[in-house]
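The values are calculated or read from the model by the stated rules, or taken from the named source; none is laboratory data. Bear in mind that the values here come from a model prediction, so they are computed numbers and not experimental data. A quick note on method: Cβ atoms are made from the backbone with ideal geometry, for glycine too, and the neighbour counts reach across all protein chains shown. For the accessible areas, the whole protein counts, side chains as well, though only heavy atoms, and no ligand, DNA or RNA atoms are used. Shrake-Rupley method; radii C 1.70, N 1.55, O 1.52, S 1.80 Å.
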Amino acid sequence: MTRLESLSPEDMNESQLAVWDEIRSGPRGASPHGPFMAWLQSPQLADRAQKLGEYLRFNAQMDKRLSELAILTVARHWTAQYEWFAHKKFALDAGLAEDIIDSIQDHERPNFVKDDEAAIYDFSIELQNAHKVSDDKYQGVVQHVGSAGAVDLVGLLGYYTLVSMTLNVYEVKLPNGVPDPLRP
């Protein structure tokens, strides 16, 4: 069963086309893909979600290496194949070590060399598994990214949970027959 209605710009109404154009002209620099095609079915949601995502991905109060680490924990948690596929490259480009990425992919806690990465990972995993964080995990994050960074981290984890859920519900496929990188 196909769950996602394929939309081309010619098929879009005025609201959908406005969001499409805003995404294409923003920092993502590409035509909407991934969760955006599902969200465009509800243009008001698409507009609000893409703006939140733009802030969190490009302007969050933490190093890109750390935000990509957090995003990968969400992709792994949800076994969101498309999200993992897209953000693994971004994580490598941001300076996250490949052995850390491989450990997350294998459901293993990485052997961290950098304390900030360990703090972000531990906070992210604890929040996703326990649905709350302990004082020591919270303080560890604040120590490395500050209070604003901790708020942005919670937002990032929540936003990429929405992205992962959307990708999974609408069974968004990887490009050109690329095999799924994550096993359940």
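Over all pairs of different C-alpha atoms, the stretch 88-184 has a mean inverse distance whose reciprocal, the Kirkwood radius, equals 15.0 Å. When the trypsin sites (Lys or Arg not before Pro) in the stretch 1-92 are filtered for DSSP coil states and for at most 10 other beta-carbon atoms within 10 Å of their beta-carbon, the remaining sites are Arg3. Maximal additional length on extending the Thr79-Asp106 stretch stands at 8.6 nm, based on 0.36 nm per residue less the C-alpha distance.
In the full protein context, the stretch 1-134 carries 51 Å² of accessible surface per residue, based on a 1.4 Å probe and ignoring ligands, DNA and RNA. Helix 14-25 and the long axis of the chain differ in direction by around 50°, with both axes built from C-alpha atoms.
The three principal axes of the Cα atoms in the stretch 1-92 give end-to-end lengths of 38, 32, 19 Å, sorted in falling order. Shown is the FRET efficiency for Arg48 and Ala130, computed with R0 = 25 Å from the Cβ-Cβ distance and rounded to the nearest 0.05: 0.35.
On full extension, the segment bounded by Phe58 and His33 gains 7.3 nm, given 0.36 nm per residue less the C-alpha separation.
The three principal axes of the C-alpha atoms in the chain carry coordinate ranges of 51, 34, 29 Å, sorted with the longest axis first.
Net length available on complete extension from Leu4 to Glu98 is 30.5 nm, with 0.36 nm assigned per residue and the Cα-Cα distance removed.
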